[in-house]
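The values are calculated or read from the model by the stated rules, or taken from the named source; none is laboratory data. In this text, all values refer to a predicted model and were calculated from it rather than measured experimentally. In this analysis, Cβ positions are derived from the backbone assuming ideal geometry, glycine residues included, and neighbour counts consider all displayed protein chains.
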Amino acid sequence: MAPANPPVRVGQGWDTHRLIPGRPLILGGIQIPSEMGLSGHSDADVLFHAVTDAVLGALALGDIGMHFPDTAPEWKDAGSIQFLQHALELAASRGYSVANIDSTILIERPKLKEFRTAIRESLARAASLPLDCVSVKFKTGEKVGPVGEGLSCEAQAAVLLTAGLR
Ligand code: MG
């Protein structure tokens, strides 16, 4: 039998939101200038949602929808940093801290490379991690599929938790 509290736990997360006019485009807590933004009950920050799901997944504590139902009025237009911080508190309460985060944002446009540092710094701050433990990568959809056709934005995340609080 594996130990009940393994020394490391890995988690992965994925999220998608529709791109629509008249909404802000917020990625990792950073508002990106864009004619299109992400539709959703909260601020629809697809990167924070994917990272939150990765943390919950590493803890085997279900998914973001179980913890923050999109029917709950208290989460309407909520800043998604709250979701991530709640997941990190659950990790800390079980004796785990995040070792590193790797993530990918998939969006056709706008181009995000000039915002990479701001998004990384924001995610690192939200997770209380040094910058060199936080990776944010960008991909387009190569003009195919919902991302490539500019209909949606997706994010993927992998998180490693280690036993012991920093
Ligand atoms: Mg979401």
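Of all residues in the range 126-138, how many are in contact (Cβ under 8 Å) with a residue 12 or more places away in the chain and either assigned to a helix (DSSP H, G or I) or surrounded by 14 or more Cβ atoms within 10 Å (Cβ to Cβ) (or both)? Working first, answer last.
Step one: of the range 126-138, the residues in contact (Cβ under 8 Å) with a residue 12 or more places away in the chain are 126-129, 133-138.
Filter once more, keeping what is either assigned to a helix (DSSP H, G or I) or surrounded by 14 or more Cβ atoms within 10 Å (Cβ to Cβ) (or both): 126-127, 129, 133-136, 138.
Residues that pass the stated criteria total 8.
Only residues that are under 17 Å from the mean Cα position of the chain (by Cα), within 14 Å of the ligand (Cβ to nearest atom) and either in a loop (DSSP other than H, G, I, E, B) or within 17 Å of residue 159 (Cα to Cα) (or both): list them for the range 1-24, please. It would help to see each step written out before you state the result.
The initial filter retains those residues of the range 1-24 that are under 17 Å from the mean Cα position of the chain (by Cα), namely 10-19, 24.
Next, only the ones that are within 14 Å of the ligand (Cβ to nearest atom) stay: 13-19.
The answer is 13, 14, 15.
Yes/no per residue for (1) away from the ligand (no atom under 13 Å from the Cβ); (2) in a helix (DSSP H, G or I):
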| residue | (1), (2) |
| --- | --- |
| 26 | no, no |
| 44 | no, no |
| 56 | no, yes |
| 60 | yes, no |
| 69 | no, no |
| 88 | yes, yes |
| 92 | yes, yes |
| 100 | yes, no |
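Quick one: in the range 139-166, which of the residues that are charged (D, E, K, R), at pLDDT 95 or above and part of a loop (DSSP other than H, G, I, E, B) is surrounded by the most Cβ atoms within 10 Å (Cβ to Cβ)? Working first, answer last.
First, the residues of the range 139-166 that are charged (D, E, K, R): 139, 142-143, 149, 154, 166.
Filter once more, keeping what is at pLDDT 95 or above: 139, 142-143, 149, 154.
After this cut, where a residue has to be part of a loop (DSSP other than H, G, I, E, B) as well, the list is 142-143, 149.
Working: 142: 9, 143: 10, 149: 12.
The extreme case among them is 149.
Among the residues of the range 30-42, those that are surrounded by fewer than 23 Cβ atoms within 10 Å (Cβ to Cβ), within 14 Å of the ligand (Cβ to nearest atom) and at pLDDT 95 or above comprise 37, 39.
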